[in-house]
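Here's the structure we're looking at; comments come further down.
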Amino acid sequence: MPGSFKTQAIVLRSIRYGEADRVLHLYSAARGRIGAIAKGSRKPRSRFGGRLEPFFRLDMVLHEGRGDLATVTGVHTVDGYPNLRSSGPAISAAARGCDAVLRLLDSAEANPAAYNLLCRYLSLLDGQDEGAETDGAAGLSTALAFRLKLALSAGFAPELSTCARCGEPDGLTAFSGSAGGVVCGACERDGFEISGGAHRFMLDAIGRPLAQAPVATNEALRMAERAITTTLEHHAQVHLRSAA
Ligand SMILES: [Zn+2]
């Protein structure tokens, strides 16, 4: 149904189009994934200014016509995350985070958990949460906690409490992407060995706020990353770039 609507949205990707336009991939609060065109936005005196760039959090007015793309008619900045933009590692982490949203959440339905999680992650990378570290190993653990919570919000969280094949609660020593979770010794045929540290990291990361991502060794974090990646490959048919 053609008409205008308002929503808050994060710019996931911004692509130059034609002479002076931009095509935007947005993740919105009201309607999930939206593709939009901003006409004339690359002209020097465009009323959109420089805000149609990746990671901007915007209040938007969009017009829906008959085509696949909505047309941007109004934009107001909610947060431009300026500190994030001045840090190479933060930009890289934000780009990987937005890429994960782009691949994993393609529905045009609102998903408040996913939207709020993305906003929270960008705020953290912008340094708006004092005490939270996003560099080095802490950066990787936060990036993986974001990925796990994102998988949960998309309905693809790995099974972590009992064997994903037989339900056995003890002796969970391996992880199977095809089973979609931790598996016991008797069920580990197509799995890979997973340490107690990696298993605990995933349980804690899901249970805690993003700003308090658990500490773990680099080895445990890489195992957790492999577990998340293989789960999404098998169950969401999505291949994510490495987390850091
Ligand atoms: Zn089992």
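The values are calculated or read from the model by the stated rules, or taken from the named source; none is laboratory data. Just so it is clear, the structure is predicted and the values come from calculations on it, not from any experiment. All Cβ positions, glycine included, derive from the backbone under ideal geometry; neighbour counts span all protein chains shown. Surface accessibility is based on the protein's heavy atoms, side chains included, excluding ligands, DNA and RNA. Shrake-Rupley method; radii C 1.70, N 1.55, O 1.52, S 1.80 Å.
Residues whose amide H falls under 5 Å from that of PHE56, counting only those 5 or more places apart or on a different chain, are VAL11, with hydrogens built in the peptide plane.
Fully extending the segment from TYR17 to ARG226, taken as 0.36 nm per residue of separation minus the present Cα-Cα distance, adds 71.6 nm. Across region 33-76, the mean sequence separation of Cα contacts (distance under 8 Å, 6 or more residues apart), normalised by length, yields a relative contact order of 46 percent. Residues whose amide H comes within less than 5 Å of that of GLY127, counting only those at least five positions distant or on another chain, are absent (H built at 1.01 Å from N in the peptide plane). Largest GNM mean-square fluctuation across ASP59, ASP204, ASP170, computed for the chain with C-alpha springs under 10 Å, falls on ASP170. Taking all protein chains as shown and a probe of 1.4 angstrom, CYS98 keeps an accessible surface of around 0 Å². Computed packing ranks the peptides 4-11, 82-89 as 4-11, 82-89, most packed first, by mean other Cβ atoms within 10 Å. Taking only Cα atoms and a 10 Å spring cutoff, compute GNM fluctuations for the chain and point out the largest among ARG66, ARG33, ARG103. Of ARG66, ARG33, ARG103, the most mobile in the Gaussian network model is ARG66. A straight Cα-to-Cα reach below 18 Å connects LYS39 with the aspartates and glutamates GLU19, ASP21, GLU53, ASP59, GLU64, ASP68, residues fewer than 8 places away in its own chain not being considered.
In this structure the amide hydrogen of GLY32, modeled in the peptide plane, comes within under 5 Å of the amide hydrogens of ALA110, ASN111, none closer than 5 places in sequence on its chain.
The residues TYR17, TYR27, sorted by heavy-atom accessible surface at 1.4 Å with ligands and nucleic acids left out, run TYR17, TYR27 from largest to smallest. Can you give the % of DSSP beta bridges in the chain that are antiparallel, to the nearest 5? Once the DSSP bridges in the chain are tallied, antiparallel ones form about 90 percent. Along region 172-180 the Karplus relation, 6.51 cos²θ - 1.76 cosθ + 1.60 evaluated at θ = phi - 60°, assigns HN-Hα couplings of 8, 10, 9, 10, 10, x, 5, 6, x Hz to successive residues, with x for each Gly and Pro. The mean sequence distance of close C-alpha pairs (under 8 Å, at least 6 residues apart), as a share of the length of region 1-67, puts its relative contact order at 43 percent.
How would region 72-126 be classified by its alpha-carbon gyration tensor: rounded, prolate or oblate, with rounded meaning a/c under 1.5 and the a/b versus b/c comparison settling the rest?
Because a/c hits 1.5 or more and a/b fails to exceed b/c, region 72-126 counts as oblate.
Note on LEU69 and LYS6: their simple-model spin labels are 2.5 nm apart, each label 7 Å out from Cα toward Cβ.
How high is the relative contact order of region 116-244, in percent, counting Cα pairs under 8 Å that sit 6 or more residues apart? Rounded, it is 27 percent for region 116-244. The 3J(HN,Hα) values that the Karplus relation (6.51, -1.76, 1.60; θ = phi - 60°) gives for region 115-122 are, in residue order, 4, 5, 4, 4, 4, 5, 5, 5 Hz. Gly and Pro appear as x.
Phi angles across region 164-170 convert, under the Karplus curve 6.51 cos²θ - 1.76 cosθ + 1.60 with θ = phi - 60°, into 3J(HN,Hα) values of 5, 9, 10, x, 4, x, 10 Hz, Gly and Pro given as x. Could you tell me the accessible area of HIS235 in Å² (1.4 Å probe, neighbours in place), rounded to the nearest ten? Accessible surface of HIS235 is approximately 80 Å².
In whole percent, and with a 1.4 Å probe on the protein chains, what portion of the accessible area of the chain is carbon and sulfur?
On the way: 5590 of 11640 Å².
So the carbon and sulfur contribution to the accessible surface is 48 percent.
Rounding to the nearest 20 debye, state how big the charge dipole of region 1-125 is about its Cα centre with +1 on each Lys and Arg Cβ and -1 on each Asp and Glu Cβ.
Computed about the Cα centre, the dipole is about 320 debye.
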